[in-house]
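Contents: one structure, followed by commentary.
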Amino acid sequence: MVKPNNKGFILNIVAIVVVLGIVFLSQQANYDYIGDWFKTNIYPRVSHEIESRGEEVQKEVLKQKDMVAQSLWDKIKIFFQEKFNTTFKTNVK
């Protein structure tokens, strides 16, 4: 039995699988018509929503990229700080 809080998760997984299936089949030469069907029937319906959320996604990706870069830089600083402290027997912060 599906718990109520897992229902949205399962629907998202199913949607992802469907999209990946369409993408995979549309790349195959024998199933070229699936890509055409998606472009003519589905994409026009969702293109406005994709465009409106595209900017939000782009901002979030940049934010996450900056956070990763900052975290990586902090870890590199700590690494070299520890190496410097052990080499020269100092306590640099």
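Of note:
- Whenever a residue of the range 4-30 is farther than 16 Å from V46 by Cβ, its partners that are surrounded by 10 or more Cβ atoms within 10 Å (Cβ to Cβ) and of a type outside the set (S, T, Y), lying with C-beta atoms within less than 6 angstrom and at least six residues away or across chains, give the pairs L25/I34.
- Contact annotation: residue pairs with Cβ atoms under 8 Å, 6 or more positions apart or on different chains, pairing a residue in the range 38-62 that is under 15 Å from V19 (Cβ atoms) with a partner that is among the polar types (S, T, N, Q) and in a helix (DSSP H, G or I), are F38/S26.
- Flag if A15 is surrounded by fewer than 10 Cβ atoms within 10 Å (Cβ to Cβ) and not aromatic (F, W, Y): no
- The set of residues in the range 24-42 being exposed (fewer than 11 other Cβ atoms within 10 Å of the Cβ) and among the aromatic types (F, W, Y) consists of Y33 alone.
- Going through (1) among the basic types (K, R); (2) surrounded by 10 or more Cβ atoms within 10 Å (Cβ to Cβ); (3) modelled with pLDDT under 80 one by one, K65 falls short only on (3).
- Members of the range 34-93 that are within 26 Å of the chain's Cα centre (by Cα), hydrophobic (A, V, I, L, M, F, W, C) and over 27 Å from F24 (Cβ atoms): L62, M67, V68, A69, L72, W73, I76
- Qualifying residue in the range 39-51 (condition: part of a helix (DSSP H, G or I), modelled with pLDDT under 80 and of a type in the set (D, E)): yes
- Each residue in the range 57-76 was checked for being closer than 27 Å to K93 by Cα and of a type in the set (D, E), and 2 of them qualify.
- A single member of G54, G21 is small (G, A, S), at pLDDT below 80, surrounded by 10 or more Cβ atoms within 10 Å (Cβ to Cβ) and farther than 30 Å from V92 by Cα, and it is G54.
The values are calculated or read from the model by the stated rules, or taken from the named source; none is laboratory data. All of these numbers come straight from a predicted model, not from anything done at the bench. Counting neighbours? That spans all protein chains shown, and the Cβs are built from the backbone with ideal geometry, glycine included.
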